[in-house]
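The values are calculated or read from the model by the stated rules, or taken from the named source; none is laboratory data. As the structure is a prediction and not an experimental result, all values here were calculated from the model. With ideal geometry, Cβ positions are generated from the backbone for all residues, glycine too; neighbour counts draw on all protein chains shown. Note: accessible area is taken over every heavy atom of the protein model, side chains too, but ligands, DNA and RNA are not part of it. Shrake-Rupley method; radii C 1.70, N 1.55, O 1.52, S 1.80 Å.
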Amino acid sequence: MKNINNKTLSDNPFYDPSLSKRHSKARRFKIFTITCIVFALSFLVFFLGDMIVKGLPAFQQSYMQIDVSYNDKTIASTRKAIDKKYRRIVSRAWLRNIPNQVEESPELMNTTQSTWVLVNHQVDQYMKGHYFKIKSKELKIIEDMHAQGKLQLQFNRIFFTQGDSKIPENSGLKSAIIGSILTLLVTMVVAFPMGVMTAVYLEEFADDNRWTQFIEVNINNLAAIPSILFGLLGLAVFINLFGLPRSSPLVGGLTLALMTLPIIIVSSRAALRSVPDSIRQAGYGLGLTKVQVVQDHVLPLAFPGIMTGSIIGLAHAMGETAPLIIIGMIAFIPDSPGSIFEAATVMPAQIFTWAGMPERAYIERTAAGIMVLLSVLISLNALAIILRKKFEVKW
Amino acid sequence: MTTNPNDISSNTIDDSSAQKIPETKITVRDLNLYYGDNHALHNIDMDIYKNKITALIGPSGCGKSTFLRCLNRMNDLINSVRVDGEVFIDNKNIYDKDVDEVSVRKRVGMVFQQPNPFPKSIYDNVSYAPLKHGFVKKGNSCNELVEKSLIQAGLWEEVKDKLSQPGTSLSGGQQQRLCIARTIAVQPDIILMDEPTSALDPISTEKIEALMLELKEKYAIITVTHNMQQAGRVADYTAFFHMGDLIEYADTETIFINPGKKKTEDYITGRYG
Ligand SMILES: Nc1ncnc2c1ncn2[C@@H]1O[C@H](COP(=O)(O)OP(=O)(O)OP(=O)(O)O)[C@@H](O)[C@H]1O
Ligand SMILES: [Mg+2]
């Protein structure tokens with residue numbers, strides 16, 4: 001201990017001159033990683049924000065309260081049901097529906113009702129604050145009606161109760177939603193049992209030989225095949241060879257099942273593998289057969305994992321578009337399909353169709369469709385998580 | 001080659017003393033086992049007796065667990081395994097072609113190192129296998145069997161009010177006794193135990209040991225242990241394995257006090273290294 005200055009330095013047994021440099025390096029690395037996350041998040045926020053701003057207006061639609069007269073003459077020529085001055089404002093689709101209205105409620109016949117009437121998409125866009133070339137005569141009526149509260153934005157039921165339409169204000173997602181449900185039903189009914197059975201066989205029963213290795217490699221390859229090729233396969237096999245109806249949920253579902261199969265197999269195998277071997281040993285030690293052990297002890301334990309994987313596979317299939325375009329599920333489908341054999345479209349394909357339309361009303365619907373699709377996908381993923389959690393606490 | 005299980009070969013017990021001759025339950029003759037190219041058991045000959053506890057001791061990796069698994073054909077589940085030789089249980093070679101390994105395991109129960117109850121209720125843990133084997137039907141007879149097995153395993157008093165709770169909610173020692181109850185419920189003749197107390201605290205160990213001593217009245221028990229004191233406390237016979245060979249097999253007293261082989265003595269006295 002010679003002098004005080006030296007003492008403070010050399011007396012600290014933890015002093016390490018290289019440390020501050022290493023710490024600053026760690027700090028730089030941390031900043032870098034955080035920047036990456038911020039970037040990724042901001043992209044996501046930008047995308048979602050843009051979708052919501054564009055899509056939210058589509059959940060509202062303009063309606064106008066005017067007098068509508070129902071009689072033989074107006075049924076024959078529906079334009080005559082309303083005052084002449086409104087003809088360029090009211091939607092053609094709504095007028096076309098007048099005979100149906102009367103058919104549903106015959107008491108309307110020979111009366112004049114003050115009704116909320118759907119207006120056309122130009123007026124609707126004008127109401128939503130977008131400039132549209134509307135003649136000054138109509139413009140005055142619109143402003144008047146709006147001021148009186150007789151022209152206003154209401155919840156857009158049509159978006160969920162109508163199929164696609166060439167008249168923008170009358171187009172909705174319903175037939176695509178039903179098409180998606182039917183298609184995914186077929187997918188699940190085919191892919192789930194096949195995938196789980198395959199996984200059980202490979203994981204629990206098969207010997208580890210060339211043959212099973214060959215199957216394994218091929219399943220992994222299947223997962224890596226670009227989805228559009230599955231569309232070509234579906235076209236060649238299901239439509240051309242088996243002659244199943246084109247554009248139908250049956251063919252779409254089978255095609256998507258091929259795509260989902262590897263996801264289900266791989267995740268089910270992982271779930272089966274995560275079941276501790278001691279459970280199997282316990283079963284065999286009691287003189288149980290392989291099937292009893294697998295069915296009663298291994299599968300129940302693996303089930304949450306299998307479900308999670310399958311739901312994620314389902315969500316994957318739900319967002320798939322390319323293979324379905326190839327097999328013709330992109331068709332214009334105004335009416336919802338009644339069975340898996342009728343022509344149908346699915347949500348992402350409907351979104352794709354709308355995205356190619358010039359009218360602003362369709363742009364709005366594209367974004368709204370994406371919002372609906374995303375909500376369903378997020379709900380499915382949430383369901384997967386909930387299921388896993390719920391089954392986990394059960395024992 | 002010896003095929004008659006009643007032949008006395010070098011590794012069977014010398015019964016020159018005035019003791020009552022114990023009844024032979026298992027006769028192992030010329031048993032060899034290979035994991036692929038790894039020759040894990042060499043020419044094992046051994047007689048195992050009814051109503052006795054036989055302890056298998058030896059350094060890690062010497063083949064004790066492997067040998068134990070030969071006695072209920074659990075090794076069949078490992079792909080690379082090949083077994084040569086004969087294991088007679090009640091004078092029937094369990095490796096004969098006309099023997100189903102599932103029915104062997106029904107009569108030769110097994111308790112593992114780590115307690116491994118099924119993630120089901122305590123009741124279901126015990127009743128599952130007997131129901132599957134058709135020993136009992138759901139209802140009273142099943143309840144009785146569960147109660148009897150749990151009583152035998154010394155667990156009844158602790159769990160009788162919570163039979164529907166999951167078996168995994170019990171303590172380690174209780175779980176191990178549940179596993180023993182589960183094994184007993186299948187009504188085996190022989191119980192194999194692979195280091196049944198190595199994961200347990202001293203008090204649970206003591207309970208299991210007491211249980212083993214009780215159970216030997218009805219079963220032949222073969223246990224693997226690394227604990228010399230335990231072998232001394234519970235085992236009637238002790239077999240010392242070393243690198244796949246059965247070095248010495250005799251009554252426990254002889255092995256511990258007057259071992260015949262140098263290797264055995266070194267291992268027993270802790271000089272093995
Ligand atoms: N499943 C297996 N596959 C291949 N080799 C194995 C397998 N199990 C055991 N072996 C080998 O067989 C030999 C004997 O192993 P075993 O597990 O029977 O030893 P052990 O005496 O029980 O050891 P420990 O006291 O550590 O449990 C070891 O060399 C081991 O590497
Ligand atoms: Mg072992």
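Summary table
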{"read-out": "From A:LEU286, A:LEU314, residue being free of Cβ contacts under 8 Å to residues at least 24 places away in the same chain, in contact with a helix residue (DSSP H, G or I) (Cβ under 7 Å, 6 or more places away or on another chain) and not hydroxyl-bearing (Ser, Thr, Tyr)", "value": "A:LEU286"}
{"read-out": "Cβ-Cβ under 7 Å pairs, at least 6 apart or on other chains, segment B:154-167 side aliphatic (A, V, I, L, M), far side in a helix (DSSP H, G or I)", "value": "B:LEU155/B:GLN174; B:LEU155/B:ARG177; B:LEU155/B:LEU178; B:LEU155/B:ALA181; B:VAL159/B:ILE122; B:VAL159/B:LEU150; B:LEU163/B:ILE122; B:LEU163/B:TYR123"}
{"read-out": "Selection status of B:GLN176, over 30 Å from B:GLU23 (Cα atoms) and within 14 Å of chain A (Cβ to nearest Cβ)", "value": "no"}
{"read-out": "Among the candidates B:VAL136, B:VAL146, residue that is under 15 Å from B:ARG182 (Cβ atoms) and in a helix (DSSP H, G or I)", "value": "B:VAL146"}
{"read-out": "Some residue of segment B:136-158 being of a type in the set (A, V, I, L, M) and within 16 Å of ligand 1 (Cβ to nearest atom)", "value": "no"}
{"read-out": "Condition broken by A:GLN101, with the remaining ones in (1) open to solvent by 60 Å² or more (accessible area, probe 1.4 Å); (2) at pLDDT below 90 satisfied", "value": "(1)"}
{"read-out": "Matching entry among B:ASP236, B:ASP189, B:ASP251 (being within 14 Å of chain A (Cβ to nearest Cβ), more than 16 Å from ligand 2 (Cβ to nearest atom) and open to solvent by 30 Å² or more (accessible area, probe 1.4 Å))", "value": "B:ASP189"}
{"read-out": "Selection within segment B:116-127 - more than 9 Å from every other protein chain (Cβ to nearest Cβ) and open to solvent by 30 Å² or more (accessible area, probe 1.4 Å)", "value": "B:TYR123, B:ASP124"}
{"read-out": "Some residue of segment A:119-137 being open to solvent by 30 Å² or more (accessible area, probe 1.4 Å), at pLDDT 90 or above, within 30 Å of A:LYS54 (Cβ to Cβ) and over 31 Å from the mean Cα position of the chain (by Cα)", "value": "no"}
{"read-out": "Residues of segment B:217-244 satisfying the condition of being of a type in the set (Ser, Thr, Tyr) and more than 16 Å from ligand 1 (Cβ to nearest atom)", "value": "B:TYR219, B:TYR237"}
{"read-out": "Entirely in segment A:243-342, the helices (runs of 4 or more DSSP H) that have 3 or more residues that are within 14 Å of chain B (Cβ to nearest Cβ) and open to solvent by 20 Å² or more (accessible area, probe 1.4 Å)", "value": "A:277-285, A:290-293, A:299-318"}
{"read-out": "Residues within segment A:64-96 that are surrounded by fewer than 16 Cβ atoms within 10 Å (Cβ to Cβ) and not in a helix (DSSP H, G or I), tallied", "value": "7"}
{"read-out": "Among the residues listed as B:ILE247, B:ILE180, B:ILE208, B:ILE255, the single one being more than 16 Å from ligand 1 (Cβ to nearest atom) and touching a Phe, Trp or Tyr at 6+ places or on another chain (Cβ under 8 Å)", "value": "B:ILE255"}
{"read-out": "Within segment A:343-356, tally of residues that are over 17 Å from the mean Cα position of the chain (by Cα) and without any contact (Cβ under 8 Å) to a residue 40 or more places away in the chain", "value": "1"}
{"read-out": "Scan of segment B:192-203 for residues that are surrounded by fewer than 16 Cβ atoms within 10 Å (Cβ to Cβ) and either within 16 Å of ligand 1 (Cβ to nearest atom) or touching a residue at least 40 places away in the same chain (Cβ under 8 Å) (or both), ordered by number", "value": "B:SER198"}
{"read-out": "Set A:ALA199, A:ALA176: member being touching a Leu at 6+ places or on another chain (Cβ under 9 Å) and under 27 Å from A:LEU314 (Cα atoms)", "value": "A:ALA199"}
{"read-out": "Residue within segment A:170-189 that is out of contact with any Asp or Glu (no Cβ under 7 Å at 6 or more places or on another chain), closer than 25 Å to A:THR78 by Cα and crowded, with 20+ Cβ neighbours inside 10 Å present", "value": "yes"}
{"read-out": "Which listed residue is in contact with a helix residue (DSSP H, G or I) (Cβ under 7 Å, 6 or more places away or on another chain) and without any contact (Cβ under 8 Å) to a residue 24 or more places away in the chain, from A:LYS140, A:LYS133, A:LYS84, A:LYS80", "value": "A:LYS80"}
{"read-out": "Verdict on B:ASN79 being within 10 Å of ligand 1 (Cβ to nearest atom), without any contact (Cβ under 8 Å) to a residue 24 or more places away in the chain and of a type outside the set (A, V, I, L, M, F, W, C)", "value": "yes"}
{"read-out": "Candidates B:SER149, B:SER164 - the one that is buried (at least 16 other Cβ atoms within 10 Å of the Cβ) and more than 9 Å from every other protein chain (Cβ to nearest Cβ)", "value": "B:SER149"}
